Amino acid sequence: KTQVCVDLLARRSGATLDELMSASGWQAHSVRGFLSGTVKKKLGLALTSTRDDGGVRHYHVPGVAGR
C-alpha cells in the first residue's frame, strides 16, 4: 500500500485525500498519519500540499518518479 500511495503522490497532479483513501482502503485520519509519519518522517520525502480552485487539497511528492 505504501508504494501505491507514493506512486500516486509522485504523479504530476499529485493525489487527493479521496484518491489515497480509495487506493489504500484507509480512513482519512490514517492517510493523513501516513503522509506525516511515513512519507515525511520515515521516507524523508518532501511533501507539498496545495488547494485547487474548488478547494480540493492535492498532495504531491516531487522528484520520486521511478521509485
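The figures follow:
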read-out	value
Enumeration of residues in region 50-67 that are among the hydrophobic types (A, V, I, L, M, F, W, C) and surrounded by 11 or more Cβ atoms within 10 Å (Cβ to Cβ)	56, 61, 64
Only one of 9, 47 that is touching a Leu at 6+ places or on another chain (Cβ under 7 Å) and surrounded by 12 or more Cβ atoms within 10 Å (Cβ to Cβ)	47
Residue, least open to solvent (accessible area, probe 1.4 Å), within region 23-44, restricted to residues that are among the polar types (S, T, N, Q) and under 12 Å from the mean Cα position of the chain (by Cα)	24
Cβ-Cβ under 6 Å pairs, at least 6 apart or on other chains, region 1-25 side among the basic types (Lys, Arg), far side in a helix (DSSP H, G or I)	1/24
Index of the failed condition, residue 55 passing every other in (1) in a loop (DSSP other than H, G, I, E, B); (2) of a type outside the set (D, E, K, R); (3) touching a Ser or Thr at 6+ places or on another chain (Cβ under 8 Å)	(3)
Residue count for region 1-17, restricted to those that are under 14 Å from residue 50 (Cα atoms) and touching a Phe, Trp or Tyr at 6+ places or on another chain (Cβ under 9 Å)	5
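The values are calculated or read from the model by the stated rules, or taken from the named source; none is laboratory data. Computed from a prediction, not measured in an experiment: that's the story for all the values here. Note that each Cβ is placed from the backbone with ideal geometry, even for glycine, and that neighbours are counted across all protein chains shown. We work out accessible area using only protein heavy atoms, side chains counted, and drop any ligands, DNA or RNA first. Shrake-Rupley method; radii C 1.70, N 1.55, O 1.52, S 1.80 Å.
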